[in-house]
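Read-outs: derived from the displayed coordinates by stated rules, not from any lab. Remember, predicted model here, so these are calculated numbers, not experimental data. Here Cβ is always computed from backbone atoms with ideal geometry, including for glycine, and neighbour counts include all displayed protein chains.
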Amino acid sequence: MGLISSVMGLLFGGNRNVVRETAELFRENREAGAQRSHSIQEQAMMQFGSEFAQPTQGAFDRFIDGLNRLPRPALALGTLGLFVSAMIDPLWFAARMQGIALVPEPLWWLLGVIVSFYFGARHQAKMQGLQRDLAASVKRAPEVIGNISALRSLRSDDPNAADPGPEASVNLAAVQPDSNPALTHWRTLRQA
């Protein structure tokens, strides 16, 4: 019995557990791991709380913070609005896009500087390509004006927009069905 109690005293004596300590070399103690995880989470939450704790702000500070949050949603919602307006009234949308083609080059540069400064991106190569494209589009101003007047003539606000004109052959052609050889052939086969 003396040998067994000596071995047990060596392994488990003095508030020690050599087996547990050896096993913890290869596998984490779950209770100690849970305590460490809780401690890390608690410290992170305290850090977040101190980070977001703000002193009482005045009305001006809150207003400026609100303005700082507007550009990204405004750009995203504005782009979605363009898609919606193109689906609702394509002629109106096309006329506005023709107008955008006439915006002078310095305004495009100014817009590019503002947007790239705000979002922190550098788009110099793209802007130079855009400059060439815009210079070409400004040269097409007379064509754009012609396109706008053609788009306005397509508008169906006038009740006489569908009027075929005074020519009788046009009126007759509008009410006469077109010949359909496949339908004629089918009808002859059906009658036979």
**Q.** Alpha carbon Rg of the range 16-90, scaled by the compact-globule rule 2.2 N^0.38 Å
**A.** 2.35
Q: First check a/c for the range 73-153, with a ≥ b ≥ c the square roots of the eigenvalues of its C-alpha gyration tensor; if it is under 1.5, answer rounded, and if not, answer prolate when a/b is larger than b/c or oblate otherwise.
A: oblate
Q: Just order 57-67, 90-100 by mean Cβ neighbour count inside 10 Å, highest at the front, would you?
A: 90-100, 57-67
Q: Can you tell me the order of 140-151, 73-84 when each peptide is scored by its average per-residue count of other Cβ atoms within 10 angstrom, highest first?
A: 140-151, 73-84
